[in-house]
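Notes for the one structure printed next.
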Amino acid sequence: MTIREAIKIYSAVEIDLLLGHVLSKPREFLLLNPDYRVSTTQIKKLAELAKRKQNGEPIAYLLGYKYFYGLKFLVNKSVLIPRPESEWLVERGLKYIKTRPGKSLKVLDMGTGSGSLIIGLAAATTRSSGIMGSHTTSSSINWFASDVSAAALKVAKENSRLHKTLVKFLQRNLFANLPGKFDLILANLPYVPASDYKKLLAGLKHEPKLALTDGTNSSVLIEKFLRQVGPHLTARGLILMEIDPSSAAIMRKAAKESKLPFKLSFYKDLRGLTRYAAIKKLLPV
Ligand SMILES: C[S@@+](CC[C@H](N)C(=O)[O-])C[C@H]1O[C@@H](n2cnc3c(N)ncnc32)[C@H](O)[C@@H]1O
C-alpha cells in the first residue's frame, strides 16, 4: 500500500497525524511523498490506532504525547491530557516569581499528573531568567510536585527528565505527610462535579476518573485542600487553582465559615466561565 492509498482508506481519523506517527515522519513528508511504500506491519499498526481513535480515544493517548506551554509532554492513560486553559496557571505563576527577584522560593504543584504545570513553569522560569536578572534563576527555586497516583508520578518524572528540570516528586494525598511551607502552590485538582462527569463526552471517559472528579457534587476535595493549605503557605505566598465554576461559591463559603485568613479572587476563562482562583494570605494589619 502507498501513503496515497492509506490516506484514502483512513481519511476520517486524523490519519496524517497517525500515519506520521507510525512512520516516524513529519506531516510534510506525507504530502511530499505520496508514493512512499508503507509496510504491512505499519499498516497493521495504523489500523489499530484508527480503531482506537474511532472508539473515541483521544489522539494524545494514541500518539503518546501532547504539547503544553510550548513543550512536548509524554502522556498515557494514567494522566490527564494537559489542557491549553491550564496555561493560565503557568503564566500567573511566572508573573508571581518575577515579583520576588532574588528570593529563594519553594513552589509546589499539587495533583501534578503529567507534571505539565510545574515542568512548564520551571522551564519558563529558566528561559526568562535572563530578562529577570541573573539572581532570579531557577537554581534559587526549589520545585516540588505531588500526586496521589504513583502511576501519574512515573509519567511526570519521565517528563521532568525529558525537559531537564529539577523537580522533587512526592506521592501524597493532599497535604498528608507533606511538611513545610511553600511560596507558590499550583493546584489543578479534580473538579468536575459527579453529575457532570456522568454526562461527559465519550473521549473524556478514557482519561483517569481520579483526575477529573472527586466523585462529589460539592468540590469536597477542594474544600479539604483549602482547610489544609493554610499552614503550608508563606506570608507572601500565592495559591493558583483551576476550578469548576460551581466551586467558587463553595470556596467562598468554606473560607468564610472556617475564618480562613485568605483573600480569594476568581478569574474567568476565554468562554467567560469562572475557571481560576488566586488565593493570598491576609497579612496582619
Ligand atoms: C485535573 S488533574 C491535573 C493534572 C495536571 N496538574 C494538569 O493540570 O494537567 C488532577 C490530578 O490530581 C490528582 N489527585 C486526585 N486526588 C488527589 C489527592 N487526594 N491528592 C493529591 N492528588 C490528587 C490526580 O491523580 C490527577 O493527577
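The values are calculated or read from the model by the stated rules, or taken from the named source; none is laboratory data. Owing to the predicted nature of the structure, the values given are computational and were not obtained by experimental measurement. Glycine also receives a Cβ, built like all others from the backbone with ideal geometry; neighbour counts cover every protein chain displayed.
Summary of computed values
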| item | result |
| --- | --- |
| Top-ranked residue of the range 77-126 - restricted to ones that are within 16 Å of the ligand (Cβ to nearest atom), hydroxyl-bearing (Ser, Thr, Tyr) and in a helix (DSSP H, G or I), ranked as surrounded by the fewest Cβ atoms within 10 Å (Cβ to Cβ) | Ser86 |
| Whichever residue in the range 230-285 is of a type in the set (Val, Ile, Thr) and within 21 Å of the chain's Cα centre (by Cα) and, among such residues, is farthest from Lys181 (Cα to Cα) | Thr274 |
| Breaking point among (1) in a strand (DSSP E or B); (2) modelled with pLDDT of 95 or more; (3) small (Gly, Ala, Ser), for Ala235 | (2) |
| Flag if Ala194 is modelled with pLDDT under 90, out of contact with any strand residue (DSSP E or B) (no Cβ under 6 Å at 6 or more places or on another chain) and either surrounded by 16 or more Cβ atoms within 10 Å (Cβ to Cβ) or more than 23 Å from Ile118 (Cα to Cα) (or both) | no |
| Residue match in the range 221-232 (condition: in contact with a strand residue (DSSP E or B) (Cβ under 7 Å, 6 or more places away or on another chain), modelled with pLDDT of 95 or more and part of a strand (DSSP E or B)) | no |
| Selection count, the range 161-175, where residues are of a type outside the set (S, T, N, Q), part of a loop (DSSP other than H, G, I, E, B) and farther than 25 Å from Val220 by Cβ | 3 |
| Those residues of the range 177-193 which are assigned to a loop (DSSP other than H, G, I, E, B), within 23 Å of Trp88 (Cα to Cα) and within 13 Å of the ligand (Cβ to nearest atom), in sequence order | Asn188, Leu189, Pro190, Tyr191, Val192 |
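A quick yes/no check of all residues on (1) of a type in the set (S, T, N, Q); (2) at pLDDT 95 or above; (3) in contact with a helix residue (DSSP H, G or I) (Cβ under 6 Å, 6 or more places away or on another chain):
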position: Lys51; (1), (2), (3): no, no, no
position: Leu94; (1), (2), (3): no, yes, yes
position: Ser104; (1), (2), (3): yes, no, yes
position: Val107; (1), (2), (3): no, yes, no
